[in-house]
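See below for the structure under consideration.
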Amino acid sequence: MKTHLVLFGPPGAGKGTQGQFLSKDLGIPFISSGDALREGINKKSETAEKMYSFIKNGELVPDIVVEEFMSKILDQHTLDKGFILDGFPRTVHQAEFLNIYLSKINVNLYAVIFFLIPKEEIVKRISGRRTCEHCNAVYNIYFNSLKDDAKCERCGGNLAQREDDKEEVVIRRIEVYEEKTEPLIAYYKNKGLLSEVDALGTVEDVSKRIKEVLSDRA
Ligand code: AMP
């Protein structure tokens with residue numbers, strides 16, 4: 001089965017965590033625009049500097065810039081069996097761009113999984129989030145009972161709070177999500193691709209729900 005998936009929802013809904021699990025389970029690439037942009041920024045180019053100014057303020061990187069960037073990232077992966085996209089597309093313009101990119105490589109999206117989560121829960125989850133600086137694994141001080149000096153269980157890397165996970169920036173990220181990204185709900189519903197998943201509960205609960213949604217579509 002070809003499983004080309006977009007994980008969609010507000011920041012802090014658990015898309016990254018679920019995406020990394022699913023990717024291992026299904027043996028298909030996990031591609032996160034946020035991770036890719038942060039890695040790009042670490043390489044310190046002039047474009048990287050510009051992108052960082054948007055990210056640290058909770059704004060979206062402009063469509064044209066992110067589309068060019070993501071098309072290079074997608075080009076680096078083998079996409080024929082499937083992929084799990086997290087954080088891209090984030091605007092209707094980006095969704096149209098993705099359609100064109102995929103049609104050129106003869107790929108159809110299989111589903112867009114929409115993570116449903118109350119807004120109050122988002123701020124709590126993000127403020128507790130700690131990310132491995134080395135492999136991007138995500139932890140949460142509220143759910144993983146992490147010690148202050150905890151290291152990544154997967155690679156031993158340092159765990160840190162992302163600059164844009166600080167509360168003031170999170171509030172702006174949610175506003176930007178509502179204004180620019182939520183219109184994608186209607187966009188993908190109209191295409192018959194949207195499947196909603198309740199994103200509350202444990203990682204295992206949510207993972208089970210995603211698998212149910214995928215098997216209902218098969
Ligand atoms: P994320 O890790 O998905 O929460 O993304 C972190 C930040 O990277 C976002 O707040 C944006 O500033 C930027 N970003 C990630 N993906 C995109 C995208 N598809 N379009 C524009 N900006 C993005």
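Odds and ends about this structure:
- If the condition is being more than 16 Å from residue 95 (Cβ to Cβ) and within 11 Å of the ligand (Cβ to nearest atom), then region 1-14 contributes 10, 11, 12, 13.
- Residue check for residue 48: open to solvent by less than 40 Å² (accessible area, probe 1.4 Å), free of Cβ contacts under 8 Å to residues at least 40 places away in the same chain and of a type outside the set (Val, Ile, Thr): yes
- Residue within region 26-36 that is crowded, with 21+ Cβ neighbours inside 10 Å, under 23 Å from residue 118 (Cα atoms) and within 12 Å of the ligand (Cβ to nearest atom) present: yes
- So residue 8, is it of a type outside the set (A, V, I, L, M) and open to solvent by 10 Å² or more (accessible area, probe 1.4 Å): no
- Hits in region 53-67 (condition: near the ligand (Cβ under 9 Å from one of its atoms) and either touching a Leu at 6+ places or on another chain (Cβ under 7 Å) or over 24 Å from residue 96 (Cα atoms) (or both)): 54, 55, 56, 57, 61
- In summary, residue 91 fulfils each of the numbered conditions (1) in contact (Cβ under 8 Å) with a residue 12 or more places away in the chain; (2) away from the ligand (no atom under 12 Å from the Cβ) with the single exception of condition (2).
- Residues (open to solvent by 10 Å² or more (accessible area, probe 1.4 Å) and assigned to a helix (DSSP H, G or I)) located in region 68-78: 68, 69, 71, 72, 73, 75
- Residue list for region 116-132, filter: under 19 Å from residue 20 (Cβ atoms) and either surrounded by fewer than 16 Cβ atoms within 10 Å (Cβ to Cβ) or in contact (Cβ under 8 Å) with a residue 40 or more places away in the chain (or both): 117, 125, 126, 129
- In region 79-113, the residues that are open to solvent by 20 Å² or more (accessible area, probe 1.4 Å) and in a loop (DSSP other than H, G, I, E, B): 80, 81, 90, 105, 106, 108, 109, 110
The values are calculated or read from the model by the stated rules, or taken from the named source; none is laboratory data. Small disclaimer: the values here were computed from a predicted structure and weren't measured. All Cβ positions, glycine included, derive from the backbone under ideal geometry; neighbour counts span all protein chains shown. Only protein heavy atoms, including side chains, enter the accessible area calculation; ligands, DNA and RNA are left aside. Shrake-Rupley method; radii C 1.70, N 1.55, O 1.52, S 1.80 Å.
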